[in-house]
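Reviewing the structure listed below.
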Amino acid sequence: ILEDKVKQLTEWSNRRTVIQMNTNKFSTYVKTKPRNYSTIVMFTALDSKRGCSVCREANDEFTILANSYRFSPAYSNSLFFVMVDFDDGSEVFQSLGLNSAPAFMHFPAKGKRKGADTYDIQRLGFHADNLAKWMSERTEVVVRIFRPPNYTGTVVLVLLFSLAGGLLYVRRNSLEFFYNKTFWSIVSIFIVLAMTSGQMWNHIRGPPYYHRNPQNGAIHYIHGSSQGQLVAETHIIMLIHGAIVAGFIMLNEAHHPKADISKRRVMAIGGLVLVAFFLSLLMSIFRQKYQGYPYSFLLR
């Protein structure tokens, strides 16, 4: 029986590095003994009607991991990659207590599964490199990730440099904007807002854009824990930081003695409202993420 199972899995794996299974196949080849092989399983919901916006991205990363293993020196018939879609294996989701997708689990060749055999996607994201590191910890199989060439970044850089070069050429006789403090201030503020909002964390961890509660369908744009974040959350924080910066700029401009007194009053009040409201909103979001945070202002 074991020889037949390994032979069948190997045949499927040779056709496609990620083996798609339904409830019966999962029970036969992943859960039921005898086994002398481990399986890395991705539980997902790829159908668009399920509303899982990150499932396809996670599927791409999982496929990259499986392909990298397939063409690595560590490749053997002791480890297989499996995918179970909710529409093909809802009973599997129920038996494992899964109420969200995507999810990744390791099913060892021997012994019972441990807590670490469930991948912490909220903390680590679903980037192929992070998945490979977790896999090596669970199976001692080290895989170097190989990605298909992506020329998008190169094309974008070429277009940006071409645009900048064209702009400089058109304005070659008038380059005063290079010495414009307002121009460089706006560029600096944008870079600072992008970095302080968590964009680099998103690039490294690859979190989902938002989270949909599978039980009631509610969409969450703010991660419920201080240990993680969503892409939409960083955009919200960036806008809040931008509003606070705009408020301080207005307060600074209100102090200008040459401006009209009524304009100064409007700038001062507007700036104070922006700073007070959005700083309160920022503290309120932090209180939701970090339980026990004692400070608040205007909003709780």
Take the residues of the range 29-43 that are buried (at least 21 other Cβ atoms within 10 Å of the Cβ) and of a type outside the set (S, T, Y): which is modelled with the lowest pLDDT? V30
Flag for S262 being touching a strand residue (DSSP E or B) at 6+ places or on another chain (Cβ under 8 Å), free of Cβ contacts under 8 Å to residues at least 40 places away in the same chain, over 20 Å from A194 (Cβ atoms) and part of a helix (DSSP H, G or I): no
Given F26, F80, which one is buried (at least 22 other Cβ atoms within 10 Å of the Cβ), touching a residue at least 60 places away in the same chain (Cβ under 8 Å) and either among the hydroxyl-bearing types (S, T, Y) or part of a helix (DSSP H, G or I) (or both)? F26
Regarding L46, is this residue in contact with a helix residue (DSSP H, G or I) (Cβ under 7 Å, 6 or more places away or on another chain), hydrophobic (A, V, I, L, M, F, W, C), surrounded by fewer than 21 Cβ atoms within 10 Å (Cβ to Cβ) and outside the structural domain of H211 (by the TED database)? yes
Just to be sure, is A45 touching a residue at least 40 places away in the same chain (Cβ under 8 Å), of a type in the set (A, V, I, L, M), out of contact with any Asp or Glu (no Cβ under 8 Å at 6 or more places or on another chain) and more than 20 Å from Q8 (Cα to Cα)? no
Of the residues that make up the range 132-147, is at least one among the β-branched types (V, I, T), modelled with pLDDT under 80 and surrounded by 10 or more Cβ atoms within 10 Å (Cβ to Cβ)? no
Single residue of A232, A254 found to be in the same structural domain as S188 (by the TED database), open to solvent by less than 60 Å² (accessible area, probe 1.4 Å) and over 30 Å from S53 (Cα atoms): A254
Mind telling me which of the residues Y290, Y209 ends up being open to solvent by 80 Å² or more (accessible area, probe 1.4 Å), out of contact with any Phe, Trp or Tyr (no Cβ under 9 Å at 6 or more places or on another chain), aromatic (F, W, Y) and touching a residue at least 40 places away in the same chain (Cβ under 8 Å)? Y290
If we ask which residues in the range 6-29 are under 16 Å from R70 (Cβ atoms) and among the aromatic types (F, W, Y), their number turns out to be 1
Being under 24 Å from P148 (Cα atoms) and assigned to a helix (DSSP H, G or I), is that true of even one residue in the range 106-124? yes
How many of the residues in the range 104-147 are of a type in the set (S, T, N, Q) and touching a residue at least 60 places away in the same chain (Cβ under 8 Å)? 3
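Residue by residue, here is whether (1) open to solvent by 40 Å² or more (accessible area, probe 1.4 Å); (2) closer than 27 Å to G242 by Cα; (3) in the same structural domain as P207 (by the TED database) holds:
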site: K110; (1), (2), (3): yes, no, no
site: D117; (1), (2), (3): no, no, no
site: H127; (1), (2), (3): yes, no, no
site: W184; (1), (2), (3): yes, yes, yes
site: L193; (1), (2), (3): no, yes, yes
Could you check the range 51-75 and list, in sequence order, the residues that are touching a Phe, Trp or Tyr at 6+ places or on another chain (Cβ under 9 Å), of a type in the set (G, A, S) and in a loop (DSSP other than H, G, I, E, B)? S53, S72
Out of all the residues in the range 88-101, which are free of Cβ contacts under 8 Å to residues at least 60 places away in the same chain, exposed (fewer than 13 other Cβ atoms within 10 Å of the Cβ) and assigned to a loop (DSSP other than H, G, I, E, B)? G97
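The values are calculated or read from the model by the stated rules, or taken from the named source; none is laboratory data. Given the structure is predicted, the values throughout are model-derived calculations rather than measurements. Every residue, glycine among them, receives a Cβ derived from its backbone with ideal geometry; neighbour counts consider all protein chains shown. Side chains included, ligands, DNA and RNA excluded: accessible areas come from the protein's heavy atoms. Shrake-Rupley method; radii C 1.70, N 1.55, O 1.52, S 1.80 Å.
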